[in-house]
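For reference, the structure discussed in these notes is given below.
The values are calculated or read from the model by the stated rules, or taken from the named source; none is laboratory data. Quick caveat, the model's predicted, so the values are computed rather than measured. Here the Cβ positions follow ideal geometry from the backbone for every residue, glycine too, while neighbour counts run over all protein chains shown. For accessibility, only protein heavy atoms count, side chains too; no ligands or nucleic acids. Shrake-Rupley method; radii C 1.70, N 1.55, O 1.52, S 1.80 Å.
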Amino acid sequence: MAFTTKLPAQADFKKVLLERYQEAVARSRKIGHRVSFRVEVDPAAGAQTITPVEEQPVASDLFPVEDTGKPDAELEAALAEARERGRKRVAEIVAGEEMLSADAFAKLLGTSRVTVNAKRQSGQVLGIDGAKRGFRFPVWQLDKHGRPLAALPAIYETLGNSAWAVYRFLVSPHGALDGRTGLRALQQGDDALVLAAAEGMARGDFD
């Protein structure tokens, strides 16, 4: 599996490159030896490819690990800028008018804050962590009858039980859904298509 993008799509390529780098650093620290991912640029095909992070086990007596020094300063700066942009974007999202506190969301459901948090933990409702603001619950996850969208638990499971992954999937347009967002397709009753699109994203498909 690899990520491929046309050369003009530099923003997408840089984003995935940074994500792969962070994934490699975390994986290397966890397993205690080197990992790698490969970047290929093919001007003839007009595309760039990034392979997934792979473990590179080594026998220390035959292939000692070299001290490669500190990461490139420019890359470190780019990562810091990306993290800062991410923090600002999270703050903007959780401050949106459609985002409710656990108490306000519980009132809509006619239940308690404790029940809402239990449903969040089990993936029955979507609650995203706003740090200082605590968890926030988008009101648009309720159907016309005021009930949480029925497909939410399955989407959660498919996308690795990550609330932010579910949020991004629901608010982003997808080619597999004819350009509709995941949320719009659910509102139009296309649950099966939405689940198929989520499975494709989980596999690493890009549309």
Among (1) over 27 Å from Arg20 (Cβ atoms); (2) part of a loop (DSSP other than H, G, I, E, B); (3) open to solvent by 80 Å² or more (accessible area, probe 1.4 Å) - the single one Gly189 does not satisfy
(3)
Could you list, in sequence order, the residues of the range 96-131 that are open to solvent by 60 Å² or more (accessible area, probe 1.4 Å) and in a loop (DSSP other than H, G, I, E, B)?
Glu97, Glu98, Gly110, Ser122, Gln124
Going residue by residue through the range 35-51, is there one that turns out to be of a type in the set (Asp, Glu), at pLDDT 70 or above, out of contact with any Lys or Arg (no Cβ under 7 Å at 6 or more places or on another chain) and surrounded by 11 or more Cβ atoms within 10 Å (Cβ to Cβ)?
yes
With the first residue restricted to the range 155-171 and required to be in a helix (DSSP H, G or I), and the second required to be among the charged types (D, E, K, R) and open to solvent by 60 Å² or more (accessible area, probe 1.4 Å), Cβ contacts under 6 Å at 6 or more apart or on different chains are Thr158/Glu199
Check whether at least one residue in the range 72-81 is at pLDDT below 80 and not in a helix (DSSP H, G or I), and report yes or no.
yes
Answer yes or no: is there a residue in the range 88-98 that is at pLDDT below 95, under 13 Å from Leu142 (Cβ atoms) and acidic (Asp, Glu).
yes
